[in-house]
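Heads up, the thing below is written out as structure tokens.
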């Protein structure tokens, strides 16, 4: 079935965009196997990658389409983490898309001891501040645990991104482009953070962060 049969050019465009970004993330090693999921807000619900689907081999016509009660409207069965995406959308009215990855460096940081749960990766670069802001670490929940929805939702009210302990990042954005770029920036900063472990570093200070907030009109905690 062609997605053009859906009769909605904007929805068709977003479906194709999910396929393109999924393939890019997969080919660059940011989403191994069938890990990770993407979603995009629509006027009449939202799209989510199917369960047990590789982001590198998505079919635009088979993406799961759900209503705001989480019911499947069309497509394949959605990811078992659909409730996580729905919780973020409910708390962040401006979120137009969500990226959840198990990317190597971010996942590695999520397994570390001694992190500041309120701010688990320091502001090593201005780009991390501009795209992510302050990154909270959520305690471990098993994959698919419904309790994760409430926990993520509470943090999503004030944060564009959350790091799930022993799991990986959940990143929202106004558009899918913005969410993907922010997730990529988070992964690169996690890599820097790991490379600099044990090395004296100079993260941005409060004054420098405030300057970024003012210059770029960032709404960050």
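Values quoted throughout were computed directly from the atomic coordinates according to the rules given, and no laboratory measurement underlies them. Computed from a prediction, not measured in an experiment: that's the story for all the values here. As a convention, Cβ positions derive from the backbone with ideal geometry for all residues, glycine included, and neighbour counts pool all protein chains shown.
Each eigenvalue of the Cα gyration tensor of the stretch 3-216, multiplied by 5 and square-rooted, gives one semi-axis; in descending order these are 30, 17, 16 Å.
Taking Cα atoms only, the orientation of helix 9-27 departs from the longest principal axis of the chain by about 50 degrees. For the chain, a Gaussian network of Cα nodes joined below 10 Å ranks 48, 124, 196 by mean-square fluctuation, and the top entry is 196.
Look at where the Cα atoms of the stretch 166-221 and of the stretch 103-123 average out, and the two centres are 12 Å apart.
When each of the peptides 10-17, 93-100 is scored by the mean number of other C-beta atoms lying within 10 Å of its residues, the order from highest to lowest reads 93-100, 10-17. With the highest mean first, a sort of the peptides 75-82, 203-210 on other beta-carbon atoms found within 10 angstrom per residue produces 75-82, 203-210.
Working ranking of peptides 213-220, 171-178 by packing, defined as the average number of other Cβ atoms within 10 Å per residue, highest first, is 171-178, 213-220.
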